[in-house]
There are 4 protein chains.
Amino acid sequence: MKTAQSDVAAMEKSVTGMDALVYHGPGKYAWEAHSRPKLQDPADAIVRVTATTICGTDLHILKGDLATVSEGRILGHEGIGVVESVGTEVSLFSKGDKVIISCVTACLKCDFCRKRMYSHCRKGGWILGNTIDGTQAEYVRIPYADTSLYFLPADLDEEASIMLSDILPTGFECGVLNGQVKPGDSVAIVGAGPVGLSALMTAQLYSPAKIIMIDLDDGRLQVAQSLGATAVIDSSDGNAIERVLKLTGGNGVDVAIEAVGMPATFDICQGIVAAGGRLANVGVHGKPVLLHLERLWDRNLTLTTRLVDTVTTPMLIAAVQSGKLKPAKLATHRFDLDEVMKAYDTFGNAARNGALKVILRSRATF
Amino acid sequence: MKTAQSDVAAMEKSVTGMDALVYHGPGKYAWEAHSRPKLQDPADAIVRVTATTICGTDLHILKGDLATVSEGRILGHEGIGVVESVGTEVSLFSKGDKVIISCVTACLKCDFCRKRMYSHCRKGGWILGNTIDGTQAEYVRIPYADTSLYFLPADLDEEASIMLSDILPTGFECGVLNGQVKPGDSVAIVGAGPVGLSALMTAQLYSPAKIIMIDLDDGRLQVAQSLGATAVIDSSDGNAIERVLKLTGGNGVDVAIEAVGMPATFDICQGIVAAGGRLANVGVHGKPVLLHLERLWDRNLTLTTRLVDTVTTPMLIAAVQSGKLKPAKLATHRFDLDEVMKAYDTFGNAARNGALKVILRSRATF
Amino acid sequence: MKTAQSDVAAMEKSVTGMDALVYHGPGKYAWEAHSRPKLQDPADAIVRVTATTICGTDLHILKGDLATVSEGRILGHEGIGVVESVGTEVSLFSKGDKVIISCVTACLKCDFCRKRMYSHCRKGGWILGNTIDGTQAEYVRIPYADTSLYFLPADLDEEASIMLSDILPTGFECGVLNGQVKPGDSVAIVGAGPVGLSALMTAQLYSPAKIIMIDLDDGRLQVAQSLGATAVIDSSDGNAIERVLKLTGGNGVDVAIEAVGMPATFDICQGIVAAGGRLANVGVHGKPVLLHLERLWDRNLTLTTRLVDTVTTPMLIAAVQSGKLKPAKLATHRFDLDEVMKAYDTFGNAARNGALKVILRSRATF
Amino acid sequence: MKTAQSDVAAMEKSVTGMDALVYHGPGKYAWEAHSRPKLQDPADAIVRVTATTICGTDLHILKGDLATVSEGRILGHEGIGVVESVGTEVSLFSKGDKVIISCVTACLKCDFCRKRMYSHCRKGGWILGNTIDGTQAEYVRIPYADTSLYFLPADLDEEASIMLSDILPTGFECGVLNGQVKPGDSVAIVGAGPVGLSALMTAQLYSPAKIIMIDLDDGRLQVAQSLGATAVIDSSDGNAIERVLKLTGGNGVDVAIEAVGMPATFDICQGIVAAGGRLANVGVHGKPVLLHLERLWDRNLTLTTRLVDTVTTPMLIAAVQSGKLKPAKLATHRFDLDEVMKAYDTFGNAARNGALKVILRSRATF
């Protein structure tokens, strides 16, 4: 009988199965049944995902842009959840702990981890939803759990918490810290997507005098203004450089943050950075860019790239708790976790939908 | 009578005239009679040049590469001499003081000078032998003399002193300081010309573990070895990148210093810099380079450019005095000042002549 | 005739005389007639003082605590005014410019100035109202005017401007910068007088998580709360250390700022600074303190002292202009300049009068 | 039968017993039989000690100065050895590996470890020979072995290696790094014992212009000269301060390193540090010192304390390997491990014996 069979299936699923968003090669992906992850290493934890989200990088993966992602991979590297089980080496977390999942996995023992460059951990780095299964699922296995999970404080807004997995530390570390934003600085951020807006929010921790936000999408620029931009520039007319120079007395900005990942946006950055300034690249680039050293060789310029190391996550958690940062404002759409396909549609057409971050919440209670 | 006339001419020259190396447009230059410089501003000094040298940049000027240099300009931005006269605002120097001339002129009052970024001084920067007459002459006018001259200590080797005008601070500030060389680091320097060798010498002030020198010229690589390079690579076979990676266990170097100014040498640098490393550009570039952000965006790279600010000149003078730096080793050829045309020939064919720095000494006694 | 004589006197005063607050030895001072300052050096400017204020240091001088201040000295090192005349070497300012007078005089040429340590300028430093006549007068001579004056922007609140002479850069440089306040830090400031409150205001430029203000005066602690303190402690019960430790989970604060200058307040600081923390001394001390190295030798502590260098004045001016800092809130009392004796009474009994900064305004229109 | 019994005892010892230097309260200690350490935690390793040494701190313990050391404790926190066994969580080391034992134990997971302040690890720090049994024994248990041991390179001199446990990183981190020694600096080190000499050797990695060594013991000052001091001062005449000021043109030194731990030596340091200078305390103090803030409050001084974090150990190992540091020169006396009582006698009368570091080598072959 059909009913009986599905009862058995449901029962089995409740013990060893789950549903997950699986990548099946360029353009192909589905929310489907999948075996539930198990502890593989004594430092692992299994986390029941209570909420997750989609990153721009996930869209790149779906296009087939990332060779490291193989078919059959569960996507996702952001989220919050509840610890389900832990390996014998996990000492900080236990079953039942509410946690923020960090997008970066760190062994802490390798040479890069010793230098706090967790992004390049010899055994970790960004592997979740990339070289191992990720968080867009009912359960996820987290290697080196002690160092890749953070306690989710009871008083922390849930939607804000999700931004702490990746987007907020990325904007802060790669944009603001690398850009060395200081009180009184003029800052320009090219790209008002979730990462650019994260840079905008976290830059204000250092009280720059000016933050100019540049994008093609007026909706996003409006959001930028509500989040503290002191000026916004719609770059669709091609005059962004001239306008930034005008706003800065011809000198350019102390800090230019590239938060898109394309040659055109990088070009704006090299056109607006002042002598002695910093150009902090945050965007994920798929192509080389033309660096105008013939103009820049004598400009005392510092250009940086970085994958987020998540070393500032504890501080950012505290800053959100204290109300100094309000990243929940980046959440524009909400879905149940099993509506993830619909969420991808919405996020994939972000401009049309006015989408920034989409929240996917498990139907299971916390 | 001819004799009488030339006597008069000589007498006049002895008071108001001099000889100088004058640029007359691309490819044209001559050692010729010129009026002697006069004080134009109360902060000026007139210096009688006792020794000078030729920079690679002077060769660029002769080719017509620098639009800022107009016809009729006396070239040269390096040298030592004796103060002949000073304006009323000059308080540190007086007639008769032996001095090192800095290639950079600084007013100290503008916003850039206040930040110790003298290279971008609103009224100065690199102007000598560029937008005002330079040091390849019997006399030179030095604006903002108090801040653009340094006392030449009696115990300082004269040939060493000349290297303190430009070459040594350039290698140190743009290469070593910007590259943040630290004890234990691995460093690679692409280009074993005078600037690259200056970076090599001054990098050793920070005790890196390895300094790999890369060039096409085996003669220069031999010099590099004698000056402290721990490994040298002749890059003419196109395998420099592979060989550096092999020497660094596949990781690349902590610091890559570009001391040539060409796309090919810049490419070596981006190919050899380790994750978390620094790429310090020193070379003067005439063309843009292709920056491989598609590979480097997640490498935690810091890329810097800089025109020398000469803020470290006093420290470098002390380091030469104490014997920790021996820049006189860069002097390979010596001429009288009035043989400057011959000196240009020698320096212009540096590889063939094994030339690094050519010393031009005035026949007048010090 | 009496009238005629005083007419003459008034006329003479109007040309060569003025009134000023003159120190005549411990406990003795008067607002009295004095000759008007003249240009003595080509780098001088004469400034007509439009508003000034009194510093805690002035009270120390009146007690005879500062051996450097001789009898007959005009006091005062803060204020704003209008340039009356300039020497031939002054290039940035001209007659009629509205200016902020910096408490520190800098020649820019000496070794300390070259390191941006203007406070120890070989020819300047804090000399105004100390070794040369100061600003509590109708006119004041400012040496090295180009580097010791700042343009007073038209849109800047006058009372806010006065705080930029000394109090705001002192709290910021000696307290906040030396304390290396960072986002997320816990900070405690001992002393809620004008300097401590300046540290409180400027610390917020770096978004610390907690700022605990400690003082004996509840009125000042109330002001501290209105200016952003997250907690206040009345230390009169002798339990300040325990209470700070309780507020910081037993760890102590990342940054302890001493803004009083007494052994007892320094002791609180050494008792509350966390392992790895910074203790920034701002207070002017008249006696040695007992440093508990037997407890602190292994605590990875950084203790700093500093006289303000005023290198951040341009940034602070911009921060006030942009509304990020509101130092005018420190002004509690207002007097005419010729009421300075009354102002000293009020400020000398600050606690009883609830006084922070007293503003002394010239009757002459701006 | 006696022989038979001791045979059994020897056999038993060979499996579960060992000899060790045990502290039995102030003034009482003995080389005696002790049970052999066992793995207690999965992150532990047991190391067979092949060589160890005695630290000045051990002498303090024997006097009863350290309340944390209880009776029955095996002393010693330095040494090299061979891994005998490892717990299940140890992933970097295996039985048979030759290792350097770090004096500091680090869990890597706590808040202090995350900041690279291993000295204050919540579960570790300096515990060896302090709160847990130490290295002056045939075997020692090392907690968090992966992060508290370092591979001993085959080409590394054994006596040099022992200096890497504590003495060399202590002089470097607490003295040189905290003192921010830079090329061209003038440095004074008060105390020419093993730690002071370690600071002397490692300071040279940064090429200071002058290193002045101050001590009461002319023998140690001679060693200092052979190790690179540019000047030495016998402070027994009480004129050390005057002499340092004379050697520095009246300015004092950029960096003063206190490597003794007494009020008198700290006083020398505060008397000789230049305005803008750094005073790096390395010495272990038993009493408070009088800090002359009445003279120092306006001197822009930075005073630091620190327990070694051993974060630079990998770099120092490399520097020794490359020949840039030669710490084996600190070894003056050699004993067999079971002669440790004699070694304590020699080291306890260091001045009379001309002792710096005494090497204790196990009779067992490596």
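Data table
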quantity: Residue that is farthest from the other protein chains (Cβ to nearest Cβ), among those in the range B:214-270 that are farther than 21 Å from B:VAL195 by Cα and charged (D, E, K, R); calculated: B:ASP237
quantity: Matching option when the condition is within 18 Å of D:VAL82 (Cα to Cα) and either open to solvent by 20 Å² or more (accessible area, probe 1.4 Å) or more than 16 Å from the chain's Cα centre (by Cα) (or both), among D:ASP155, D:ASP185, D:ASP218; calculated: D:ASP155
quantity: Residue under evaluation D:TRP126, criteria (1) touching a residue at least 60 places away in the same chain (Cβ under 8 Å); (2) open to solvent by 10 Å² or more (accessible area, probe 1.4 Å); (3) more than 16 Å from the chain's Cα centre (by Cα), criterion not met; calculated: (3)
quantity: Within the range D:271-317, considering residues that are in contact (Cβ under 8 Å) with a residue 40 or more places away in the chain and within 14 Å of chain B (Cβ to nearest Cβ), the one most open to solvent (accessible area, probe 1.4 Å); calculated: D:PRO314
quantity: Any chance D:LEU330 is in contact with a Gly (Cβ under 7 Å, 6 or more places away or on another chain), away from chain B (no Cβ under 14 Å) and open to solvent by less than 10 Å² (accessible area, probe 1.4 Å); calculated: no
quantity: Set B:GLY196, B:GLY134, B:GLY124: member being closer than 26 Å to B:ASN251 by Cβ, modelled with pLDDT of 95 or more and in contact with a strand residue (DSSP E or B) (Cβ under 7 Å, 6 or more places away or on another chain); calculated: B:GLY196
quantity: Residue count for the range A:88-117, restricted to those that are assigned to a loop (DSSP other than H, G, I, E, B), open to solvent by less than 40 Å² (accessible area, probe 1.4 Å) and free of Cβ contacts under 8 Å to residues at least 24 places away in the same chain; calculated: 1
quantity: Pair list, Cβ < 7 Å and 6+ apart or interchain, from the range C:232-251 residues that are under 17 Å from C:ALA274 (Cβ atoms) and at pLDDT 95 or above to residues that are open to solvent by less than 50 Å² (accessible area, probe 1.4 Å) and polar (S, T, N, Q); calculated: C:THR248/C:SER186
quantity: Filtered residue count, the range D:122-140, keeping only those that are part of a strand (DSSP E or B), within 11 Å of D:VAL104 (Cα to Cα) and out of contact with any His (no Cβ under 6 Å at 6 or more places or on another chain); calculated: 1
quantity: Residues located in the range C:67-87, provided they are crowded, with 16+ Cβ neighbours inside 10 Å and among the aliphatic types (A, V, I, L, M); calculated: C:VAL69, C:ILE74, C:LEU75, C:ILE80, C:VAL82, C:VAL83, C:VAL86
quantity: Count of the range A:118-129 residues which are of a type outside the set (Ser, Thr, Tyr), within 14 Å of chain D (Cβ to nearest Cβ) and within 20 Å of D:VAL311 (Cβ to Cβ); calculated: 2
quantity: Residues (over 18 Å from the mean Cα position of the chain (by Cα) and open to solvent by 40 Å² or more (accessible area, probe 1.4 Å)) located in the range D:318-327; calculated: D:GLN321, D:SER322, D:LYS324
quantity: Test for B:ALA188: is it in a loop (DSSP other than H, G, I, E, B), more than 14 Å from chain D (Cβ to nearest Cβ) and touching a helix residue (DSSP H, G or I) at 6+ places or on another chain (Cβ under 9 Å); calculated: no
quantity: Condition broken by C:ALA67, with the remaining ones in (1) in contact (Cβ under 8 Å) with a residue 24 or more places away in the chain; (2) under 14 Å from C:ASN130 (Cα atoms) satisfied; calculated: (1)
quantity: Looking only at the range C:191-207, and only at residues there that are open to solvent by 10 Å² or more (accessible area, probe 1.4 Å) and at the interface with chain A (Cβ under 10 Å from one of its Cβ atoms), the one that is nearest to C:THR53 (Cα to Cα); calculated: C:GLN204
quantity: Given (1) open to solvent by less than 10 Å² (accessible area, probe 1.4 Å); (2) over 30 Å from A:GLY64 (Cα atoms); (3) outside any loop (DSSP other than H, G, I, E, B), number of the condition A:CYS174 does not satisfy; calculated: (2)
quantity: Residue in the range B:234-249 that is open to solvent by less than 50 Å² (accessible area, probe 1.4 Å) and either within 23 Å of B:LEU59 (Cβ to Cβ) or in contact with a Leu (Cβ under 9 Å, 6 or more places away or on another chain) (or both) present; calculated: yes
quantity: Lone unmet requirement of (1) over 16 Å from the mean Cα position of the chain (by Cα); (2) without any contact (Cβ under 8 Å) to a residue 40 or more places away in the chain for A:ALA355; calculated: (1)
quantity: Residues that are part of a loop (DSSP other than H, G, I, E, B) and either modelled with pLDDT under 95 or surrounded by fewer than 17 Cβ atoms within 10 Å (Cβ to Cβ) (or both), drawn from the range A:333-360; calculated: A:ASN349, A:GLY354
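Table: residues versus (1) in a strand (DSSP E or B); (2) at pLDDT below 95; (3) crowded, with 17+ Cβ neighbours inside 10 Å; (4) not polar (S, T, N, Q).
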| site | (1), (2), (3), (4) |
| --- | --- |
| B:THR3 | no, yes, no, no |
| B:ASP7 | no, yes, no, yes |
| B:GLU12 | no, yes, no, yes |
| B:VAL15 | no, yes, no, yes |
| B:ASP19 | yes, no, yes, yes |
| B:GLY25 | no, no, no, yes |
| B:TRP31 | yes, no, yes, yes |
| B:HIS34 | yes, no, yes, yes |
| B:GLN40 | no, no, no, no |
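Here's the yes/no breakdown for (1) among the acidic types (Asp, Glu); (2) more than 11 Å from every other protein chain (Cβ to nearest Cβ); (3) closer than 16 Å to C:ARG36 by Cβ:
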position: C:LEU75; (1), (2), (3): no, yes, no
position: C:VAL82; (1), (2), (3): no, yes, yes
position: C:SER91; (1), (2), (3): no, no, no
position: C:LYS98; (1), (2), (3): no, yes, no
position: C:SER102; (1), (2), (3): no, yes, no
position: C:CYS113; (1), (2), (3): no, no, no
position: C:ARG116; (1), (2), (3): no, no, no
position: C:THR131; (1), (2), (3): no, yes, no
position: C:GLY134; (1), (2), (3): no, yes, yes
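The values are calculated or read from the model by the stated rules, or taken from the named source; none is laboratory data. Just so you know, these numbers come straight off a predicted model, no measurement behind them. Here the Cβ is made from the backbone with ideal geometry for all residues, glycine too, and neighbour counts use every protein chain on show. Accessible surface is based on the protein model in full, side chains and every heavy atom, while ligands, DNA and RNA are left aside. Shrake-Rupley method; radii C 1.70, N 1.55, O 1.52, S 1.80 Å.
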